[in-house]
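Q: Structure incoming, see below.
The values are calculated or read from the model by the stated rules, or taken from the named source; none is laboratory data. If you're wondering where the values come from, they're calculated on a predicted model, not measured in any experiment. Cβ placement follows ideal geometry from the backbone for every residue including glycine, while neighbour counts extend to all protein chains displayed.
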């Protein structure tokens, strides 16, 4: 198996970190299935950018918070490309709010997408990968899942859950030549962080030893490392891409 023979499914791949991961995998030769939930236009732009790099690519709409949608998504990718070698669980949302005032439904929605979505997609993809006796799963966690962050109890819980999910699945699937690893980004310049108030941005930057935010491509290169055939003896690991925040 080489990257040129691999098929990658990236959830939440239409923009930001997800788009950067799609492009990096395409650059390395993988065929890319770009999952999206809402913005078809953004997903199609990602597809075209992947194709411009010489890779096969196609967009697939699915709400990963629904288990049946995850099953259908993985089956659709397999039907289109014949395999599913790489799964990158990147889809995620935030519904920030203080613990005492946050709405229960916001907490549930964040866990449904960020944590349950990763679980459901892994469950569906594992069935394919076990039969192939090959697979690479990369889960997107966050420095917030390691350190916590005021006003983000739900998001922190979902991203901390990703770490446990990653380690448990890594042990279950290792004997079938399937690796499961996680990338934990810190403060990355994306549409999601662009809306932060200036004071919040400055406070965040003050906690980064490197003194600057990262860019989506920093995270994409880390995800691509775990996705490569050459990372065959690395599993159950968490790679922080955070400029030193979690140190």
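Q: Would you mind listing the strands (runs of 3 or more DSSP E) fully within the range 12-120 where at least 1 residues are in contact with a helix residue (DSSP H, G or I) (Cβ under 6 Å, 6 or more places away or on another chain) and touching a residue at least 60 places away in the same chain (Cβ under 8 Å)?
A: Output list reads 86-89.
Q: Regarding residue 236, is this residue surrounded by 14 or more Cβ atoms within 10 Å (Cβ to Cβ) and at positive phi?
A: For residue 236, the condition - surrounded by 14 or more Cβ atoms within 10 Å (Cβ to Cβ) and at positive phi - is met.
Q: Do we have residue 86 as under 15 Å from the mean Cα position of the chain (by Cα), surrounded by 18 or more Cβ atoms within 10 Å (Cβ to Cβ) and at pLDDT below 95 here?
A: no
Q: Pairs please, first residue from the range 190-207 and on the phi < 0 side of the Ramachandran plot and free of Cβ contacts under 8 Å to residues at least 24 places away in the same chain, second anywhere and loosely packed, with under 13 Cβ neighbours inside 10 Å and assigned to a loop (DSSP other than H, G, I, E, B), Cβ atoms under 8 Å, 6+ apart in sequence or on different chains.
A: 205/211; 205/212
Q: For the range 121-153, enumerate the residues that are crowded, with 23+ Cβ neighbours inside 10 Å and touching a residue at least 60 places away in the same chain (Cβ under 8 Å).
A: 121, 125, 136, 138, 140, 141, 143
Q: In the range 144-169, which residue that is out of contact with any strand residue (DSSP E or B) (no Cβ under 9 Å at 6 or more places or on another chain) and part of a helix (DSSP H, G or I) is modelled with the lowest pLDDT?
A: Going through the qualifying residues, I end up with 147.
Q: Filter the range 198-247 down to the residues that are within 18 Å of the chain's Cα centre (by Cα), closer than 22 Å to residue 169 by Cβ and in a loop (DSSP other than H, G, I, E, B) and list them by number.
A: Within the range 198-247, 228, 234, 235, 236, 237 meet the criteria.
Q: Please indicate, with yes or no, whether at least one residue in the range 174-194 is in contact with a strand residue (DSSP E or B) (Cβ under 9 Å, 6 or more places away or on another chain), part of a helix (DSSP H, G or I) and more than 18 Å from residue 98 (Cβ to Cβ).
A: Yes.
Q: If you don't mind, another one. With the checklist (1) more than 19 Å from residue 65 (Cβ to Cβ); (2) surrounded by 18 or more Cβ atoms within 10 Å (Cβ to Cβ); (3) more than 16 Å from the chain's Cα centre (by Cα) in hand, flag the one item residue 182 doesn't pass.
A: Unmet for residue 182, out of (1) more than 19 Å from residue 65 (Cβ to Cβ); (2) surrounded by 18 or more Cβ atoms within 10 Å (Cβ to Cβ); (3) more than 16 Å from the chain's Cα centre (by Cα): (3).
Q: Go through (1) more than 22 Å from residue 109 (Cβ to Cβ); (2) touching a strand residue (DSSP E or B) at 6+ places or on another chain (Cβ under 8 Å) one by one and return the number of the condition residue 35 breaks.
A: So residue 35 meets the others, but not (1).
Q: Another question, then. Going by the conditions given, is residue 97 at pLDDT below 95, farther than 21 Å from residue 245 by Cα and in contact with a strand residue (DSSP E or B) (Cβ under 9 Å, 6 or more places away or on another chain)?
A: The answer is yes for residue 97.
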